[in-house]
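Visitor: Have a look at this one before I ask anything.
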Amino acid sequence: MRKIILFAIIILILLSFIVSVYYYPSLPEIVPIHWNATGEADGFAPKEFGTLFLPIIEIFIALLLIVVPLIDPKKENIKKFMNQYNLFVISIIGFFTYIHFLSISFAAGIDINIVQWLSPATGLLFYMIGIMTKHAKQNYSIGFRTPWTLANKKTWIKTHEKGALAFKISGIIAFFGLLFPTIAIWLIIVPIIISAIGTIIYSYFIYKKIEKK
């Protein structure tokens, strides 16, 4: 992983810890850590847990994403789209840093609808996944790893072309949750579920079509 990417990951994780340390003295002893579909807090924990949980999760996710390209049996293929993969890694760590900032802000008394403000970040993450997916080569860790995409290179390529477009569209739709907070959760969840399931089904049928030729 390039040094600049690793540096960016470290900065994002440190930023999460800095936010926790800065706000910690002013937070109540019990802080919200979970919100329902309407953006109302429905899960709570001691502030020690609430301020450290996500930053620590970021560390584990970063380590996992750094290791994956090194241990995958087809790691040589992952190297072929490493630039897009690195952008994905930055996006997902940035996504969790953003969620942490929102949750700390809410706990500090700032009146925000978590789901509404989560929408643009989720949309951006989906879109970045779409970019990576379009360039993904056959491997066992990243992308739509169905029995059919792993068995046939053409199936992999066609599936990931369709899947990339579906994820980008899902990302754009999710972004509109910022403008329509009452249905924000559905603008996030429904398109991505349809995209994921639809792409998996597509991989089966395109495999059958290719095998018949």
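Visitor: Among the aromatic types (Phe, Trp, Tyr), within 17 Å of the chain's Cα centre (by Cα) and part of a helix (DSSP H, G or I), is that true of residue 176?
Guide: Details: among the aromatic types (Phe, Trp, Tyr): yes; within 17 Å of the chain's Cα centre (by Cα): no; part of a helix (DSSP H, G or I): yes.
Spelling it out, it is not the case that residue 176 is among the aromatic types (Phe, Trp, Tyr), within 17 Å of the chain's Cα centre (by Cα) and part of a helix (DSSP H, G or I).
Visitor: Identify the single condition in (1) crowded, with 21+ Cβ neighbours inside 10 Å; (2) more than 15 Å from the chain's Cα centre (by Cα); (3) within 30 Å of residue 37 (Cα to Cα) that residue 111 does not satisfy, given that it satisfies every other one.
Guide: (1)
Visitor: Can you name the residue in region 142-185 that is touching a Ser or Thr at 6+ places or on another chain (Cβ under 7 Å) and of a type in the set (Gly, Ala, Ser) and is also nearest to residue 82 (Cα to Cα) among such residues?
Guide: Step by step, filter region 142-185, then rank; the result is 143.
Visitor: A further question on this structure: Going by the structure shown, is residue 172 of a type in the set (A, V, I, L, M), touching a helix residue (DSSP H, G or I) at 6+ places or on another chain (Cβ under 7 Å), surrounded by fewer than 17 Cβ atoms within 10 Å (Cβ to Cβ) and closer than 19 Å to residue 127 by Cα? Give the derivation first.
Guide: On the way: of a type in the set (A, V, I, L, M): yes; touching a helix residue (DSSP H, G or I) at 6+ places or on another chain (Cβ under 7 Å): yes; surrounded by fewer than 17 Cβ atoms within 10 Å (Cβ to Cβ): yes; closer than 19 Å to residue 127 by Cα: yes.
So residue 172 passes the test.
Visitor: Sticking with this one: Given the criterion outside any loop (DSSP other than H, G, I, E, B) and modelled with pLDDT under 95, identify the matching residue among 155, 182.
Guide: On the way: 155 fails: modelled with pLDDT under 95.
On inspection, the qualifying residue turns out to be 182.
The values are calculated or read from the model by the stated rules, or taken from the named source; none is laboratory data. Predicted model only: the values in this text are computed from it and were never measured. When we count neighbours, we look across all protein chains shown, and the Cβ atoms used for this are built from the backbone with ideal geometry, even at glycine.
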